[in-house]
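J.: Here's a structure for you.
The values are calculated or read from the model by the stated rules, or taken from the named source; none is laboratory data. Note that the structure is predicted; figures quoted are calculated from it, not measured. Cβ placement follows ideal geometry from the backbone for every residue including glycine, while neighbour counts extend to all protein chains displayed.
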Amino acid sequence: MRQPASYPRRHGPVVEPEDRRLLERAGWRTTIDYRENHVRSRTGQLLEVEPVWTAEAERFDGQLSMASAVAATAEAAWRYLRDEIDAHHITTTQPTIRLLRRA
């Protein structure tokens, strides 16, 4: 029988950005979205394509807290999002309790 200690654990390369991993470890749920802004001339000719990455995070600790950041690259969006959260630029909502009455 093989002993687990005889084989050191090996992990592959880390794929996710460090800023996102740190937010996830702190309890934030994160998402990222990509879109392109097409810049056109008056004649309709495509002049430029601007990439836009939107990183968002949310956490529920009795109240819902949200933050978001926009950048030209995914890495920059995660960095800006982490900076926003560290600076406490967070939107917080109070929980709404609904009581439904039986008919």
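J.: Can you list residue pairs whose Cβ atoms sit under 6 Å apart, with the first residue in segment 19-42 being basic (Lys, Arg) and the second being surrounded by 11 or more Cβ atoms within 10 Å (Cβ to Cβ)? Count only pairs 6 or more apart in sequence or on different chains.
T.: Sorted first by the residue in segment 19-42, then by its partner, the pairs are ARG20/THR30; ARG20/TRP78; ARG29/GLU58; ARG35/VAL52.
J.: Next question, about the same structure. For segment 77-96, which positions are within 15 Å of THR31 (Cβ to Cβ) and small (Gly, Ala, Ser)?
T.: The answer is ALA77, and nothing else.
J.: Still on this structure: Within segment 1-28, can you find the residues that are closer than 30 Å to SER65 by Cα and at pLDDT below 75?
T.: Within segment 1-28, VAL14, VAL15, GLU16 meet the criteria.
J.: Another question about this same structure. Give segment 32-48 a look and list any residue that's assigned to a strand (DSSP E or B) and charged (D, E, K, R), or say none.
T.: ASP33, ARG35, GLU36, ARG40, GLU48
J.: Does segment 26-52 hold any residues that are of a type in the set (D, E, K, R) and more than 30 Å from ILE90 (Cβ to Cβ), and which are they?
T.: Those that are of a type in the set (D, E, K, R) and more than 30 Å from ILE90 (Cβ to Cβ): ARG40, ARG42, GLU48.
Condition check ((1) at pLDDT 95 or above; (2) under 10 Å from the mean Cα position of the chain (by Cα)) across all residues:
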residue	(1), (2)
THR30	yes, yes
LEU47	yes, no
LEU64	no, no
ALA69	yes, yes
ALA76	yes, no
ASP83	yes, no
THR96	no, no
LEU100	no, no
ALA103	no, no
